[in-house]
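The values are calculated or read from the model by the stated rules, or taken from the named source; none is laboratory data. Everything quoted here is computed from the prediction, not taken from an experiment. Backbone-built Cβ (ideal geometry, glycine too); neighbour counts: all protein chains shown.
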């Protein structure tokens, strides 16, 4: 058991040393265990599968607007990275923006590598280019902050910890083992994975506001957009059990960050 603990400590030390990176703009240290080239390839593959199985919008004006805003925001992102000594990151991005024809889905998302999808349902709320830039900035923020890599790395570490705990408890009675493993799973979910998801959302908001500002969109559109979202979020779970911050907290943080930009 002693040797196993030493091996586990050595392995975790290697992971911490090898996977350490930082988030653009915020400077927060993060752990990215997967090569960026592999993340981009996985993102492109998953994105292609979704596009092939989805009905893409035939509304030329809306599609062109999504791509126009996406082009401006991603250009601002690349300029920001170059100016901050991260030109090397640009080789992992191949930007693409598509609009999926689904009026019931109020959502947008991004894959690692810069593959971004909007659903027509969210355009009921984002009715101006500035409001579309709010969403686009947020999604591009996730991409350049490498949140996908960090999230997968966290899941890998939690899985690794679960295996290690199971090994350490193998001599214990089955009931005792189940209690410990259940407690570990709950603490990992509530104490690690969900808070980090909320941290990612705040970071993507902040980076998105910066990119909007640099692309000459109005950052205050973010406040207007999220006030609309608040009206849709009644009945949502408590913030500490949600992967997203509460909308009211989010809006207040955005106002603070907009003042920083000014």
Being modelled with pLDDT under 95, surrounded by fewer than 21 Cβ atoms within 10 Å (Cβ to Cβ) and touching a helix residue (DSSP H, G or I) at 6+ places or on another chain (Cβ under 7 Å) is the filter here, so list the residues in segment 123-150 that pass it. 125
Looking at (1) more than 26 Å from residue 206 (Cβ to Cβ); (2) in contact (Cβ under 8 Å) with a residue 40 or more places away in the chain, which one does residue 74 not meet, given that it meets all the others? (1)
Hey, any hits in segment 163-176 for a residue that's more than 25 Å from residue 53 (Cα to Cα), in a helix (DSSP H, G or I) and at pLDDT 95 or above? no
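How many of the residues in segment 54-66 are surrounded by 11 or more Cβ atoms within 10 Å (Cβ to Cβ) and free of Cβ contacts under 8 Å to residues at least 12 places away in the same chain? Give the derivation first.
First, pick out the residues of segment 54-66 that are surrounded by 11 or more Cβ atoms within 10 Å (Cβ to Cβ): 54, 56-57, 59, 62-66.
Those left that are additionally free of Cβ contacts under 8 Å to residues at least 12 places away in the same chain: 64.
Looking only at that region, the number is 1.
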Within segment 1-31, considering residues that are in a loop (DSSP other than H, G, I, E, B), modelled with pLDDT of 90 or more and in contact with a strand residue (DSSP E or B) (Cβ under 7 Å, 6 or more places away or on another chain), the one nearest to residue 210 (Cα to Cα): 23
Which residue pairs have Cβ atoms closer than 8 Å, lie 6 or more positions apart in sequence or on different chains, and pair a first residue in segment 95-107 that is on the phi < 0 side of the Ramachandran plot and at pLDDT 95 or above with a second residue that is buried (at least 18 other Cβ atoms within 10 Å of the Cβ) and in a loop (DSSP other than H, G, I, E, B)? 95/114; 96/114; 99/57; 100/57; 101/57
Members of segment 28-71 found to be in contact with a helix residue (DSSP H, G or I) (Cβ under 9 Å, 6 or more places away or on another chain) and over 23 Å from residue 200 (Cβ atoms), listed by number: 56, 57, 59, 62, 65, 68
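Could you identify the single residue in 42, 51 that is touching a strand residue (DSSP E or B) at 6+ places or on another chain (Cβ under 7 Å) and surrounded by 14 or more Cβ atoms within 10 Å (Cβ to Cβ)?
On the way: 42 fails: touching a strand residue (DSSP E or B) at 6+ places or on another chain (Cβ under 7 Å).
Every option except 51 fails the conditions.
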